Amino acid sequence: MPAWFLRGLRRGVVTTRYPDRPDPSAADLPTPPRFRAGQLTAGVAGRLVEVCPSRALWREDDVLVFDAGACTGCGRCERAAPEAVTASGEFELAVTARDHLIKRIPLPRQPRP
Amino acid sequence: MNAVSPAQPGCSPGRARSAGIDGQGSDAAGAAEIEQAAGQLRERIDRQFRRSLHIRTLDTGSCAACEQEIRLLAAPHYDLHRLGFFFTPAPRHADLLLVTGPIVRAMDVAVRKTYEAMPGPKIVVATGACALGGVLGPDAFVHGAVDAVLPVDVWIPGCPPSPLALLHGLLVAVGRLAGKAGELAFVTEGTPR
């Protein structure tokens, strides 16, 4: 007899909380990028903005703006600059205010030698 | 504060004056009381949604990837029915409108009618990068984002959002979980300041 059946009889609840445990399939999901601030120069940022197919990355002077809401998780930025960008692994990104998804990443003022 | 504001067109000056002279303190207290009662009622209604929510999906020109993921929510692996969430074909039975796609202008009437047919209080959830304005900008054919036409309560990013992300978004919408993306920085190794 399955263990959950007895547990359900005992507690009167057969369902589990969300999330009961990390879902194994979550590791394979395409996720928005995570940037390494130390590696992120103006040149790299320019390249990332150029390669982004959706409207998720743009420059505002010395700031790289990343809109996680617009990101499609395509991974082109990770391939364009593997030293500066990795997958974040975050997919539960629902928010109650659109602004919460827009991240401003300051760039170093001087390009590194 | 004491100055009586010039009477608005259509508002009788006598009424404006009486509100300015004798009713100021009690009016403010009354308004606060009404506000508090409204807040309590709203909270009670919102709590009803937590374990009983009917969802109407609205495709406004999406590529159907979002629909595919939404359909998977009812599969045994994700099983959203265990949470008390159900899909309904009728907007008149729906508490939550799950909008996908960039809101093509050809859908204007359908979007408006669907929203108006829903009984209040209603929750609108924008689903997927298109609905969040990430893929198509406003132009002659699309509005570009859901918040251009409807008041959005919850945004679920992703292209498409996985069923897990959708489930999380629905739980955020009914207040059973808090959105955590606001605290995520998407940056590591010491941001230069």
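Once the dipole of chain A is set up with Lys and Arg at +1 and Asp and Glu at -1 on Cβ about the Cα centre, which of A:Ala37, A:Pro19, A:Phe66 lies farthest towards its positive end?
Result: A:Pro19.
Under 5 Å between amide hydrogens, which residues at least 5 positions from B:Val142 or on another chain qualify, with H placed 1.01 Å from N in the peptide plane?
B:Arg105
What list do you get for A:Met1, B:Met118 if you sort them by fewest beta carbons within 10 Å?
Numbers: A:Met1 5, B:Met118 20.
Starting with the residue having the fewest Cβ neighbours, the order is A:Met1, B:Met118.
What aspartates and glutamates does B:Lys122 reach when the alpha-carbon gap must be under 16 Å and sequence neighbours fewer than 8 apart in one chain are set aside?
Straight-line reach from B:Lys122, under 16 Å: B:Glu43, B:Asp46, B:Asp95, B:Asp147, B:Asp153.
Fewest Cβ neighbours within 10 Å first, please rank B:His77, B:His143 accordingly.
Numbers: B:His77 10, B:His143 23.
Lowest to highest Cβ neighbour count: B:His77, B:His143.
Could you give each residue of region B:92-98 its phi-based ³J(HN,Hα) in whole Hz, using Karplus coefficients 6.51, -1.76, 1.60 with θ = phi - 60°, and x for Gly or Pro?
Residue by residue, region B:92-98 yields 5, 9, 9, 9, 10, 10, 9 Hz.
Let me know the shape class of region A:29-106, please: from the alpha-carbon gyration tensor, a ≥ b ≥ c as square roots of the eigenvalues, rounded when a/c is under 1.5, otherwise prolate if a/b is greater than b/c, or oblate.
Numbers: a/c = 1.70, a/b = 1.26, b/c = 1.35.
Here region A:29-106 falls in the oblate category.
Out of residues 5 or more away from A:Gly73 or on other chains, whose amide H comes under 5 Å of its own, with H placed 1.01 Å from N in the peptide plane?
none
What FRET efficiency comes out for the pair A:Glu60/A:Glu83, r = Cβ-Cβ distance, R0 = 25 Å, nearest 0.05? Before the final figure, lay out the partial values.
Numbers: r = 23 Å, r/R0 = 0.93.
Once rounded, the FRET efficiency stands at 0.60.
Specify the inter-centroid distance of region A:47-113 and region B:59-129, based on alpha-carbon positions, in whole Å.
Rounded to whole Å, the Cα centres lie 28 Å apart.
Could you list A:Leu48, B:Leu136, A:Leu6 so that the one with the fewest beta carbons within 10 Å of its beta carbon is first and the one with the most is last?
On the way: A:Leu48 25, B:Leu136 20, A:Leu6 10.
Exposure proxy ranking, most exposed first: A:Leu6, B:Leu136, A:Leu48.
Using modelled amide H (1.01 Å from N, peptide plane; none on Pro or chain starts), what sits under 5 Å from the amide H of B:Phe85, excluding residues fewer than 5 places away?
Amide H neighbours of B:Phe85: B:Leu53.
Would you list which lysines come within 18 Å of B:Lys180, measuring only between C-alpha atoms, while excluding same-chain residues fewer than 8 positions from it?
A:Lys103
Residue by residue through region B:38-53, which ³J(HN,Hα) values in whole Hz follow from phi under the Karplus form 6.51 cos²θ - 1.76 cosθ + 1.60 (θ = phi - 60°), with glycine and proline marked x?
5, x, 5, 5, 4, 5, 5, 5, 4, 5, 4, 6, 4, 10, 7, 9
Does region B:52-173 come out rounded, prolate or oblate, given a ≥ b ≥ c as the square roots of the eigenvalues of its C-alpha gyration tensor, rounded meaning a/c under 1.5 and, failing that, prolate meaning a/b above b/c? Let's see the in-between values first.
Values: a/c = 1.93, a/b = 1.30, b/c = 1.49.
Oblate, because a/c is 1.5 or more while a/b does not exceed b/c.
Just to verify a number: FRET efficiency for B:Ser26 and A:Met1, C-beta to C-beta distance, R0 = 51 Å, to 0.05?
Details: r = 67 Å, r/R0 = 1.31.
Working from the Cβ atoms, E equals 0.15.
Taking only the alpha carbons of the protein assembly as shown, what extent do you get along each of the three principal axes, in Å, biggest first?
73, 67, 41
Each residue of region B:136-146 in order: what ³J(HN,Hα) in whole Hz does its phi give by Karplus 6.51 cos²θ - 1.76 cosθ + 1.60, θ = phi - 60°, with x for Gly and Pro?
Here the 3J(HN,Hα) series is 10, x, x, 8, 5, 10, 10, 7, x, 7, 5 Hz.
The numbers here are math on the coordinates, done by the rules we state, and not lab data. It should be emphasised that the depicted structure is a prediction, and the values quoted were computed from it without experimental measurement. All Cβ positions, even for glycine, are placed from backbone atoms using ideal geometry, and neighbour counts span all protein chains on display.
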